[in-house]
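The values are calculated or read from the model by the stated rules, or taken from the named source; none is laboratory data. Bear in mind that the values here come from a model prediction, so they are computed numbers and not experimental data. Here Cβ is always computed from backbone atoms with ideal geometry, including for glycine, and neighbour counts include all displayed protein chains. For the accessible areas, the whole protein counts, side chains as well, though only heavy atoms, and no ligand, DNA or RNA atoms are used. Shrake-Rupley method; radii C 1.70, N 1.55, O 1.52, S 1.80 Å.
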Amino acid sequence: HRARQFLRAPRRAGQARRQIVMDIVYIRGLRVDTVIGVYPWERKVRQVLEFDLEMASDTAAAARSDAIADALDYDAVAQRVRALAAASSCQLVETLAETVASALMAEFAVPWLRVRLEKPGAVPDCGGVGVVIERGTRRDQ
């Protein structure tokens, strides 16, 4: 996976300012099975977690070429998240979210991302609990 260029030079001659680019590639509702939890019974079963991911990516090259080689491949990202979760046996959602964030930033050259990880059913009478983390540097601020 190639690193992305996030500063585009302007097209007008003589202009020194650069345009800052911050496009977002996202994946919502990615369900994964994993062993997670602090209670003894949780260490014996696989549970379904749900990820929402937002990743910074300059999509201009992919838009021009219409080639997956120029894009942040969200299928490859989803497969990597599934593999990380399947191999994991974290106790805390915080740990798994951090593991996923670190791997995606390193392996897909993502300079900024937001990971939302939900553990449905963890608290009775609650739609879901989880964590949202942001890592890296946003290029639009």
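Here are a few things to note about the model shown:
- First in segment 36-49 and more than 12 Å from V93 (Cβ to Cβ), second anywhere and surrounded by 10 or more Cβ atoms within 10 Å (Cβ to Cβ) and not aliphatic (A, V, I, L, M), Cβ under 7 Å, 6 or more apart: R43/G37; R46/D33; R46/T34; V48/R31; V48/D33; V48/P120
- Selection from segment 99-141 of residues that are farther than 13 Å from A56 by Cβ, modelled with pLDDT of 95 or more and out of contact with any strand residue (DSSP E or B) (no Cβ under 7 Å at 6 or more places or on another chain): T99, S102, A103, A106, E107
- Residue tally, condition in a loop (DSSP other than H, G, I, E, B) and either open to solvent by 30 Å² or more (accessible area, probe 1.4 Å) or within 18 Å of A83 (Cβ to Cβ) (or both), over segment 46-70: 4
- Scanning segment 99-110 for residues that are farther than 15 Å from V25 by Cα and surrounded by 12 or more Cβ atoms within 10 Å (Cβ to Cβ) turns up T99, V100, S102, A103, E107.
- Set L117, L113, L96: member being in contact (Cβ under 8 Å) with a residue 40 or more places away in the chain, touching a Lys or Arg at 6+ places or on another chain (Cβ under 7 Å) and open to solvent by less than 50 Å² (accessible area, probe 1.4 Å): L113
- Of residues in segment 128-140 being open to solvent by 70 Å² or more (accessible area, probe 1.4 Å) and not polar (S, T, N, Q), the one farthest from E98 (Cα to Cα): D140
- Matching entry among V77, V32, V25 (being open to solvent by less than 60 Å² (accessible area, probe 1.4 Å), closer than 16 Å to K119 by Cα and at pLDDT 95 or above): V32
- Condition met for R4 (modelled with pLDDT under 65, part of a loop (DSSP other than H, G, I, E, B) and either open to solvent by less than 60 Å² (accessible area, probe 1.4 Å) or among the β-branched types (V, I, T) (or both)): yes
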